[in-house]
Every structure is written in structure tokens, then in C-alpha cells.
Amino acid sequence: MKAILTTIAVLFFSTLAMAQNVSEEAKVETISFGITVEVEINEQTEKEVEVARLYRFKNSRIKKELAFRTKRNRSKLA
């Protein structure tokens, strides 16, 4: 019973709130100013050369050390 009365009250107050004519919108006068932008561009780009080495051979020392496996990494058959 309490839930029914609560929903009726909510519907009643919401319809009252929607039925009001509040169409008075505040009009705001806008003021525009001219903007001057001064931008200095210094094109001093120094290119740093980064070297990436690719190893052609599968058994190269670096690749071998980076991809090492231990006995515990291997799968075991039960």
C-alpha cells in the first residue's frame, strides 16, 4: 500500500513540475573582441640517429641469450 501511494505521489508531483510554463530564457548580450596572435616558430630540429640492429642469423649470440630456456620451462610428459 505504501509503495502504491509513493508512486502516485511521485507521478503527481512530476506532472505538476512538467505542466509549469517556464519559458523565460535569459538573453545574454555577447561582446566580441579582435584577437591578434603573434607566434614565433624556430625551426631548429636536430635529428638524432638511433640505430636498431637486426640479426640475420638464427643462432646469433644476442638472440640466443635473450631467448634462453631453462629445464623448468620445458613441458613434462606424465
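The values are calculated or read from the model by the stated rules, or taken from the named source; none is laboratory data. The structure displayed is predicted, hence computed values, not measured ones. Quick reminder, even Gly has a Cβ in these numbers, built from the backbone with ideal geometry, and neighbours come from all protein chains shown. Protein only, heavy atoms only, side chains kept; ligands, DNA and RNA dropped before computing areas. Shrake-Rupley method; radii C 1.70, N 1.55, O 1.52, S 1.80 Å.
The lysines whose alpha-carbon is closer than 27 Å to the alpha-carbon of K76, local same-chain residues fewer than 8 away aside, are K58, K63, K64. Here S32 sits with roughly 110 square angstrom of accessible surface, probe radius 1.4 Å. Rolling a 1.4 Å probe across the protein heavy atoms gives the chain an accessible surface of 127 Å² per residue.
For the chain, which longest stretch is free of loop sites, where a loop site is one of the trypsin sites (Lys or Arg not before Pro) that DSSP puts outside H, G, I, E and B and that has at most 15 other Cβ atoms within 10 Å? Value returned for the longest uninterrupted segment is 1-26.
Across the range 7-46, Cα-Cα pairs farther apart than 12 Å form 79% of the total. Were the residues from R69 through N42 laid out at 0.36 nm apart, the gain over their Cα-Cα distance would be 4.6 nm. Report the percentage of all Cα-Cα pairs in the chain whose separation exceeds 16 Å, rounded to a whole percent. Within the chain, distances greater than 16 Å cover 83 percent of Cα pairs. Shown for the range 1-49: the carbon plus sulfur share of the solvent-accessible area, taken with all protein chains present and a 1.4 angstrom probe, equals 58%. Each residue was assigned an accessible area with a 1.4 Å probe, and for V37 the value is about 110 Å².
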